[in-house]
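Below is one structure, written out as structure tokens; the observations come after it.
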Amino acid sequence: MSLLKKSQIALLAMCSASFLQAQVDNSNSVRIDPTDTQADIIRKAITVVPHKRQYDWQKNELTCFVHFGLNTFNGVEWGNGKESPADFNPSSLDAKQWAKVMKEAGMKMAIITAKHHDGFCLWPSRYTDHSVKSSPWKSGQGNVVKEFVDACRAEGIKIGFYLSPADLFQIESPQGCYGKNKELYTQTIPSLESHQKNVSKTYTYDNLTDYDVYFMDQLYELLTEYGDVEEVWFDGAHPKPGTGQTYNRKAWYDMIRQLQPTANIAIKGPDIRWCGNEAGHTRKSEWSVVPINESPEACEWNDMTGQDLGSREKIKDAKYLVWYPSETDVSIRQGWFYRDDKQYVRSTNDLLDLWYRAVGGNCVFLLNITPDKRGLIPAKDSTNLSQMGRIIRESFADNLAKKAQVTTDGVDVMNILTDLSDQTSWIGKEKPEAHIIELQWNNPQTFNCVLMQEDIAKYSQRIEKYSVEALIGNKWKKIASGETVGYKGILRFPTVTSKFVRIIFDEVRVAPTLTELGIYNVQETLSNPLIERSVNGKISISGGSTIRYTLDGTEPTANSPLYSKPFAVAPNTIVKARIYSNGLESGVAQALFGYAKKGWKVKTTSNTKQTNLLADENPATIWISEQSDKNPGVVIDLNSVQPIKGFQYLPRADKSNKGAIINYNLLISNDGKIWKPVIEKGEFKNIRNNPMLQNVLFPSMENARYIKLESLNAVDQDTNGVAIAEFGVL
């Protein structure tokens, strides 16, 4: 086989792509004309590439969220805006410890919640006293943002800021400006004359409200006083909508572009989109080239939550195509803020699985860490993060493809595809048959992972479906398959030993392109066990042959009881379990179980049938009320008076939040006629974005036979009804 020099390969690649460049210049977006055919649209799609700031951001791969503030000290997810700054008083805050944990985990950028929904500012803003300057921490002289920035930069970690558009303090305070004055006017930012005197440039915008001015003043502070900023993150969630407050986002974005031109505007912004959930769920096909209905200049950048965003079917009626990559955000703990030491912490295996799915699924993985009331990352969290970083580094240290002869169309491309440089790449010829890359070793190799990267910076995203085959014995065997690749695609599969591998690009847009290819034998991990309970109350644990469990709240060890058959537990027992196999151990799965549901009678205010689905111990089945029901409710008859300390509510568990209850009443009764309110106008905070199991405790123990949950409003209730996957009683 003849071998070509690296320069010759690069020339061939450039020549094969030149006809594309001649038709339409590469850009961050492209307009689709009404006369464009499907083939025209596909050719235009492959000219849509990331802006340099987007590409630099994508290369971060693993980034860090830091949620810290008044919520940390009050043990809640969302504050109410009425908290006192006196609550904020970390005993030994050490941002250097945070940065060290990030570095060991492999995080390249960190975003801090400079202001969450409660409106409390982690820096001494000129524009409000509701900040660290009014707290006892460091006698009001502290600045968490500065300590965070300095610590991260010392470790080479880039900086991002989260500034919540929603501001409950400004809503609740008599002097607040949120939703109070809707008059539009022209204002120079920063607005204080004393502030203007100390800055080099000001910006004047029309059509601002009082709150726009307040928000932009604070944004100006963050973007001018802490050096370079990589990402500005705008949360779309709002704990108290309905104030009538509007946002002049165009002015916000313009000022960001002026002050920090290399910063990406994330979530409700033009550069980075939200993946659609806060649980780390990723799409099977993640397209960065997606359709929008108006020009990028006019686009409102609403959330895109569907499972298919950029397939051929989705873009065939597009008006514009734009490069709009996905960011997957999830917390290491069950919740975005630290609550207590009993809070569930994701295991190293969980974190690794999320990393593979996000980074290996064409997303940037934004993993949240939660400093505790001391101002430190707890030991368990930091240990799991450090282990995750170590395993990733070790798993991808030895690229077996470097030892192989890598050919396609008779040309050796090993040097191009394994040089760890995004300046070199292979692009296939335009042809009707499938493109195939073949790898051959002199000796059999053992591996369980394939990694590929498209040259998105020059040639966009093209691969639609591909498969990986290995020669086992004398037959080719498919060992894995995938769909989109994008910036990075990673496939894991059971360990294989072979001298021959081929990657077949079954469906592509015009011609495939790769800048990197890797074959690895990564460290195997065990998935967490699955803990379930039958309606009869029997606990079963599955997922492995050797499972250890505990019922006393401690974490299972190799000496804990061995699971052998289903068993019953007392109400309000926490079951924890871990799998052991071949020297490996899984993370810890845990589940809280209330009363067994055998014999319950379930009634609803809706005429829908199958009401038993909300108490069948099967999260996959869902009871949905009739759409015409304005305030549907459910009543559980426990058959006898029982001591009750709370309840459990699981919204639908099918990666949708439609019908998830937001606000509710909870009532109890002994006869089913006279009802006592226990919780009035309760709220499942953030359930719209994070539809997970809700465990709610009553203010005090109650005795009752009947328990009623009334929905006051739910996500998309007008069109989808209320959805309940499971209801439990504690």
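The numbers here are math on the coordinates, done by the rules we state, and not lab data. Just so it is clear, the model here is predicted, and its values are computed rather than measured. Neighbour counts run over all protein chains shown; Cβ positions are idealised from the backbone, glycine included.
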Revision key, fill the gap. Taking 231-237, 356-362, 562-568 and ranking on average Cβ neighbours within 10 Å, highest first, one gets 356-362, 231-237, 562-568
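Might you report the magnitude of the Cβ-based charge dipole of the chain about its Cα centre, with Lys and Arg at +1 and Asp and Glu at -1, to the nearest 20 debye? Intermediate results must be reported in sequence, preceding the final value.
On the way: 84 positive and 85 negative charges, 316 e Å.
That gives a dipole near 1520 debye.
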Check your understanding: Where Rh denotes the Kirkwood radius from the mean inverse Cα pair distance, what is Rg over Rh for the range 397-524?
Key -> 0.93
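Checking the table K100/K268; K597/K708; K284/K488; K82/K685; K44/K429; K240/K268 against a 20 Å threshold on Cα-Cα, which pairs fail? Mind dumping the intermediate values first?
Numbers: K100/K268 31 Å; K597/K708 15 Å; K284/K488 13 Å; K82/K685 16 Å; K44/K429 18 Å; K240/K268 18 Å.
In this structure, K100/K268 lie more than 20 Å apart at Cα.
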Review point. Hey, what do the phi angles of the range 394-408 turn into as Karplus ³J(HN,Hα) couplings, whole Hz, using 6.51/-1.76/1.60 and θ = phi - 60°, x for Gly and Pro?
Key: 5, 5, 10, 7, 10, 7, 5, 5, 5, 8, 9, 8, 10, 10, 8
Review point. Short version: what are the Cα gyration tensor semi-axes of the range 26-125, square root of 5 times each eigenvalue, largest first, in whole Å?
Key: 43, 20, 10
Study note, to complete from the structure: Computed on Cα atoms, the radius of gyration and Dmax of the chain in angstrom are 27.5, 88
Check your understanding: What residue among L712, N670, P651 has its Cα farthest toward the positive end of the dipole of the range 601-729, where the charges are +1 on Lys, Arg and -1 on Asp, Glu, each on the Cβ?
Key -> N670
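Roughly speaking, what is the stretch gain from T243 to K316, that is 0.36 nm per residue apart minus the C-alpha to C-alpha distance, in nm to one decimal?
Values: separation 73, 0.36 × 73 = 26.28 nm, distance 3.87 nm.
Taking T243 through K316 to full extension adds about 22.4 nm, to one decimal.
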Exercise for review: Give me the Kirkwood hydrodynamic radius of the range 488-589, using the inverse of the mean 1/r over all pairs of distinct Cα atoms, in Å to one decimal.
Suggested key: 17.2
Check your understanding: Could you give the length gained on full extension between D129 and N695, defined as 0.36 nm per residue of separation minus the Cα-Cα distance, in nm?
Key -> 200.3 nm
Practice item. Would you mind checking which residues have amide H under 5 Å from I679's amide H? H placed 1.01 Å from N; only 5 or more apart, or other chain. Key: L666
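Under the definition of Cα pairs under 8 Å and six or more residues apart, what whole-number percent is the relative contact order of the chain?
Working: 1719 pairs, mean separation 79.7, N = 730.
That works out to 11 percent.
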Revision key, fill the gap. Place a point 7 Å from the Cα of E294 in the direction of its beta carbon; the residues of the range 223-265 whose amide N falls under 13 Å from it are 249-250
Study note, to complete from the structure: Computed over the range 601-729, the Cα gyration tensor eigenvalues, each multiplied by 5 and square-rooted, give semi-axes in Å (largest first) of 22, 15, 14
Check your understanding: Hey, rough spin-label estimate for T546 and L584, points 7 angstrom out along Cα→Cβ, what's it come to in nanometres?
Key -> 1.4
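Given R₀ = 30 Å, what would the calculated FRET efficiency be for E193 paired with K82, taking r from the Cβ atoms and rounding to 0.05?
0.45
Which pairs break 32 Å Cα to Cα here: K138/K197; K52/K380; K373/K658?
Over 32 Å apart, Cα to Cα: K52/K380; K373/K658.
Sorting check: for 343-352, 26-35, 552-561, which peptide has the highest mean count of neighbouring beta carbons within 10 Å, and how do the rest follow? Present the calculation step by step, with values, prior to reporting the outcome.
On the way: 343-352: 21.7, 26-35: 14.4, 552-561: 12.7.
Per-residue mean Cβ counts within 10 Å order the peptides as 343-352, 26-35, 552-561.
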Check your understanding: How many nm is it between the label spots at S481 and A154, if each spot is 7 Å from the Cα in line with the beta carbon?
Key -> 5.3
Check your understanding: Within straight cross-link reach of K645, meaning Cα distance under 17 Å, which aspartates and glutamates are found once same-chain residues fewer than 8 apart are removed?
Key -> D637, E680, E702
Review point. Which peptide among 238-244, 261-267, 480-486 comes first, and what is the full order, when sorted by highest mean count of other Cβ atoms within 10 Å?
Key: 480-486, 261-267, 238-244
Point to revise | Stokes-Einstein D in µm²/s, Kirkwood radius over Cα pairs - the range 530-593 at 20 °C with 1.002 mPa s viscosity | key: 182
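Run the numbers on the range 397-524 and let me know its relative contact order in percent, using alpha-carbon pairs under 8 Å that are six or more apart.
Values: 306 pairs, mean separation 47.1, N = 128.
About 37 percent, as a whole number.
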Review point. Projected onto the charge dipole of the range 79-170 (+1 at Lys/Arg Cβ, -1 at Asp/Glu Cβ, origin at the Cα centre), which of H116, V149, Y162 gives the Cα projection farthest towards the positive end?
Key: V149
